[in-house]
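The values are calculated or read from the model by the stated rules, or taken from the named source; none is laboratory data. Computed from a predicted structure; not experimentally measured. Cβ placement follows ideal geometry from the backbone for every residue including glycine, while neighbour counts extend to all protein chains displayed.
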Amino acid sequence: MQSIRSTTRLLLQRHRVSISNTLRFTSSSSSSSSSSSSSSSTSSCGSWSDNESRRLGFDSFSSTRAFDSASTYRISSLKNAAFSSSVVPKQNLMYSSRCFSTVGDSVQNTSQVSSEELASDVPQRIKFKRLDKTAKHIMQIIDKEAIEEVRTHREIPKIEPGYLVQLKVEVPENKRRVSIVKGIVIAKRNAGLNSTFRIRRLVAGVGVESMFPLYSPNLREIKVLEKKKVRRAKLYYLREKTNALKKH
Amino acid sequence: MAAVPRGLISRFNQFLSIRSVTTSPSESLPHCSFFLLRRFSSDAGLVDGAGSDIVGDPTRIIEAKQGEMSKSSKRTGIIAVKCGMTALWNKWGARVPVSILWVDDNIVSQVKTVEKEGIFALQIGCGQKKPKHLSKSVVGHFRAQGVPLKRKLREFPVTEDALLPVGTSLGVRHFVPGQYVDVTGITRGKGFQGCMKRHGFSGMPKSHGASLSHRSGGSTGQRDAPGKVFKGKKMAGRMGADQRTVKNVWVYKIDPARNLIWVRGQVPGAEGNFVFIRDAWYKKPDISKLPFPTYLAPEDEDPSELEPIVADLGELDPYLLAE
């Protein structure tokens, strides 16, 4: 993070970015339109030696760029932290021309920054990350977006081990009946969209554990009834005990 | 435009071959000079090649326009980068395991025709590359074609009606969600592996007297006749890192704004590696729905405004039907 800050300052000195520039997270073919005025958001003027690459290459670069590193996310958080006009030029610079188009959208949405957009300059230094880093970054973004989308449709409360929870589950195999499941959360697994949690309950005198994906569309409603005090992340010891949790 | 070799020696050869082809000097001189002039001024347009009939064979003009796909035509494939796998829920609440493939700036970098190379094929390039990372010969190839530098090149044989001009960019909309594709990639390398993992041998008992050979391959042949071990005998060795094709992968969703494809199931290779996607051979898609030769975006379309397209799962709930 420090290195990113220092490089952005370096770029600042080189370009003298004015505050009123707009940061455009370049989408596909808006390159031609966006190659206006304002100084480059990103890379230095140490552009390509090949002129033809500039002419021809940019059109291909304009369509979906690769992802920048996770620096984009950090920068958005920096923005969030101290958004003032004086701070903006220092921070919102490090986007290469190959910004993934929706990074801007999702970052802007999530960080609630009505940041202005910097138009991307035509000769931009192309930064290459290792392809698997880019791939991982893409996966992260997709995951985040999918979670955001589910959260806007449904209200999903915070679930921690030790909560007493009541769920309304729709079971598609069982002719789509909505059943009510009430139990204690004994484990939670964080995996982005595939986060799951386990519930232990007594069904007809028999202890039953079931696992539910947190963002599944079949979970109609989640209601937290009570929060017990536990000192563990996984409460598998409850399998051997009865009535272990009393106080909360 | 054909890649004409521009060295001095090849120029000489062309000049000599023009000389040899033409009949009488009086007629031929303006002809020759015309050709020479044309050659010196521009690269394009003329079919060259030592001994070929320069005057006669017209160059093939390939345009990028929509055509009709027939049963015997074959479209190109595209190159993508494997990003990873997740699982999504489809419209009916069922889980779909997906691999996400990112189609990064595909462009046609060379067209191979029967007249020159002997087959009809399109060479597709994917990704970006800096010239300092490429050898001069490769940079020269891109420069001759007039195409930006790409990281990966791969040739896809096509039929004649599916040829595209050099510089056409291919996108994710080349495929239709709901169709089947074949995905080829270099599998993950597993290193030196024993024959149980590599070939699926069952090994030997863990106890009952089996000595020191629980996971070994056992016998390797007969005795005096043949007196040797046959070539190709399955033994331990390096596993993985070879090209495999996964067939009949169902395309679940495409995102034209970001050039992503979601396919169901696994594809060969590790994250960050290139895969090559083509129309399925066995579960052939519906011809009328595929853009042929490829999806050519209309001028006024802004790719960033497009929404992801999900495969059509039908109107009837499969769970309610199963009663």
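Data for the structure
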{"quantity": "Test: A:TYR215 is more than 29 Å from the chain's Cα centre (by Cα) and in contact (Cβ under 8 Å) with a residue 24 or more places away in the chain", "calculated": "no"}
{"quantity": "Residue among B:LEU122, B:LEU149, B:LEU153 that is part of a loop (DSSP other than H, G, I, E, B) and free of Cβ contacts under 8 Å to residues at least 60 places away in the same chain", "calculated": "B:LEU149"}
{"quantity": "Boolean, B:LYS129 is of a type in the set (Lys, Arg), under 27 Å from B:ALA270 (Cα atoms) and part of a loop (DSSP other than H, G, I, E, B)", "calculated": "yes"}
{"quantity": "Residue match in the stretch B:61-84 (condition: within 14 Å of chain A (Cβ to nearest Cβ) and surrounded by fewer than 22 Cβ atoms within 10 Å (Cβ to Cβ))", "calculated": "yes"}
{"quantity": "Residue within the stretch A:152-164 that is away from every other protein chain (no Cβ under 14 Å), closer than 30 Å to B:ASN259 by Cα and not hydrophobic (A, V, I, L, M, F, W, C) present", "calculated": "yes"}
{"quantity": "Residues (in a strand (DSSP E or B), polar (S, T, N, Q) and under 13 Å from A:ILE180 (Cα atoms)) located in the stretch A:190-243", "calculated": "A:SER210"}
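So that you can scan it fast, the table gives a plain yes or no per residue for (1) modelled with pLDDT of 90 or more; (2) more than 11 Å from chain A (Cβ to nearest Cβ); (3) closer than 30 Å to B:LEU320 by Cβ:
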position	(1), (2), (3)
B:THR86	yes, no, yes
B:SER109	yes, no, no
B:GLU117	no, yes, no
B:GLY125	yes, no, no
B:LYS132	no, no, no
